[in-house]
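Remarks on the structure that follows.
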Amino acid sequence: MKDATKSAPRDNPFIFREASLADADPLVRLINAAFRVELPFIEGDRIDAEGVRSYMAKGKFLIAEDAAGLTGCVYVEIRGNRGYLGLLGVDPPRQGTGLGRKLMDAAEHYFRDAGCNSIDLRIVSARTPLPAFYGHLGYLQAGTAPFAPDVPVKVPCHYILMSKSIR
C-alpha cells in the first residue's frame, strides 16, 4: 500500500498508510483502547510495544490518521496465496462511523494487490457481534480453534475462524 497524499478528500478525512516502527507506541495505545470491550472476558491489555514489533516483523499494520492523529489500524500478513488480517481497531470515539469498514477495504485492497486469493481472520467467541459484522462484509465461518493458552481469560473462549474469497 502506497502512502496516501497529504491531502485527503472531503468525504474521507482519513489518510491511510503503512505503519513504521515509530508508530509502535501509538498503535499500542489505540489497540488497547479499541479492545477494552474484551475486558469482561480477557485479563489485561491486548498488546504491548514488543507485541506490535513482533507483528511488524511478520506483516504490516495499515493505519488511518486524521488531523487529530492515529484513528484506526488493521494488521495484514501475507501467507502464501492467502492473506491474514487481525487487530482491527478503531479509536473508541470514532467507532460506528464506518472507519472499520474503510480499514477492511484497505486490507482487502492490499491483499488483492499482493495476489492473494482469500483472506482469513479469527475472532474471539465472546465477541458475539463480530461474526455478523464480518459476515456482512462477505466473510464466512470456516471453523473454530482453541484459544491461545497464554492469554488469561475470565470465561471460556475459543476462536471463530472466518474466510473470504477475493478472486
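The values are calculated or read from the model by the stated rules, or taken from the named source; none is laboratory data. Since we're looking at a predicted model, the values are computed, not measured. FYI the Cβ positions are ideal-geometry reconstructions off the backbone, even for glycines, and counts take in every protein chain you see. Please note that ligands, DNA and RNA were not included when accessible areas were found on the heavy atoms of the full protein model with its side chains. Shrake-Rupley method; radii C 1.70, N 1.55, O 1.52, S 1.80 Å.
Here are some notes:
- Phi angles of the range 58-71 translate, via the Karplus equation with coefficients 6.51, -1.76, 1.60 and θ = phi - 60°, into HN-Hα couplings of 9, x, 9, 9, 8, 10, 10, 10, 9, 4, 7, x, 5, 10 Hz per residue; Gly and Pro are given as x.
- Here the Karplus curve 6.51 cos²θ - 1.76 cosθ + 1.60, taken at θ = phi - 60°, turns the phi angles of the range 129-145 into couplings of x, 5, x, 5, 4, 6, x, 4, 8, x, 7, 10, 5, 10, x, 9, 8 Hz, with x standing for Gly and Pro.
- Projecting the Cα atoms of Leu39, Ala126, Asn81 onto the charge dipole of the range 21-167, computed from C-beta unit charges around the Cα centre, puts Asn81 farthest toward the positive end.
- Annotation: amide H of Ala142 within the under-5 Å range of Leu161, Met162, Ser163, sequence separation 5 or more or interchain, hydrogens built in the peptide plane.
- The H on the amide N of Gly72, modeled in the peptide plane, is under 5 Å from the matching H of Ala64, Asp91, each at least 5 residues off or on a different chain.
- Phi-based couplings in Hz for the range 155-162 (Karplus 6.51, -1.76, 1.60; Gly and Pro marked x): 9, x, 9, 9, 8, 9, 8, 10
- Positive minus negative residues near Leu21 (Lys, Arg vs Asp, Glu; Cβ under 13 Å): -2
- For the range 1-138, share of DSSP beta bridges that run antiparallel, in % to the nearest 5: 85
- Across the accessible surface of the chain, with the other protein chains kept in place and a 1.4 Å probe, carbon and sulfur atoms take up 53 percent.
- Average accessible surface area per residue within the range 13-167, 1.4 Å rolling probe, Å²: 49
- Between Glu50 and Arg101, full extension at 0.36 nm per residue minus the direct alpha carbon distance yields a gain of 15.6 nm.
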